[in-house]
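Below is one structure, written out as structure tokens, with a few remarks after it.
None of the figures in this text is laboratory data; all of them are computed from the coordinates on show. Quantities reported herein were computed from a predicted structural model and do not represent experimental measurements. All Cβ positions, even for glycine, are placed from backbone atoms using ideal geometry, and neighbour counts span all protein chains on display.
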Amino acid sequence: MSTDPRPARRRVELPEFDAQIARRFGMADDVASVILELGRLVLANERLRSGLYAELGLSSHELSALTYVGLQERATPKGLAASLSITTGSTTALIDRMVKADLLTREPHPSDRRSVVLTLAPQGRRAMKVVVQRYVGVAQTALTELDGTLLPGITAMQILSRALSSAEE
């Protein structure tokens, strides 16, 4: 009797290309499937973001900053720097550009006079609306294909997100 508390891994049938990758790198099929699908997801998201960069006239960091501040509603430069993994100097330059472009506002922090609070400016709110609408469209398309199997997919993404976050540490 096995004492391993983990459930047995299911056998995964891979398309031939994926199976070749699995063999080449000595991975189990289920591991290869997760890695390859995660890679495809990252690439698809990057293509979507590239379209948004062009449409909104933003750089990668500007779009990431816009999204971070938009989701936080009120953000600090320190939090923004941490979320983008950039230096405080780079963050200051990024914020300066975005304030000048009417994407962000910078206001005094209510309890820390050494800091500021970042919020979306009118142009930033318009841009954020485009970003949200694009991702809502993607989610709606995916939901029509999931046909009632949403929870396992969300759970899998949460598990992968935690695994990727812990790999950074």
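Worth a mention:
- Filter pass, T105 being loosely packed, with under 15 Cβ neighbours inside 10 Å and not hydrophobic (A, V, I, L, M, F, W, C): no
- First in region 51-77 and over 15 Å from L118 (Cα atoms), second anywhere and of a type in the set (S, T, N, Q), Cβ under 9 Å, 6 or more apart: Y53/S59; Y53/S60; S60/S50; H61/S90
- Among the residues listed as A81, A139, the single one being without any contact (Cβ under 8 Å) to a residue 12 or more places away in the chain and crowded, with 16+ Cβ neighbours inside 10 Å: A81
- Counted as qualifying within region 26-120 are the helices (runs of 4 or more DSSP H) with 3 or more residues that are within 17 Å of the chain's Cα centre (by Cα), namely 29-56, 60-72, 77-84.
- Where A93 falls short, out of the listed (1) over 30 Å from E37 (Cα atoms); (2) surrounded by 15 or more Cβ atoms within 10 Å (Cβ to Cβ); (3) without any contact (Cβ under 8 Å) to a residue 24 or more places away in the chain; (4) hydrophobic (A, V, I, L, M, F, W, C): (2)
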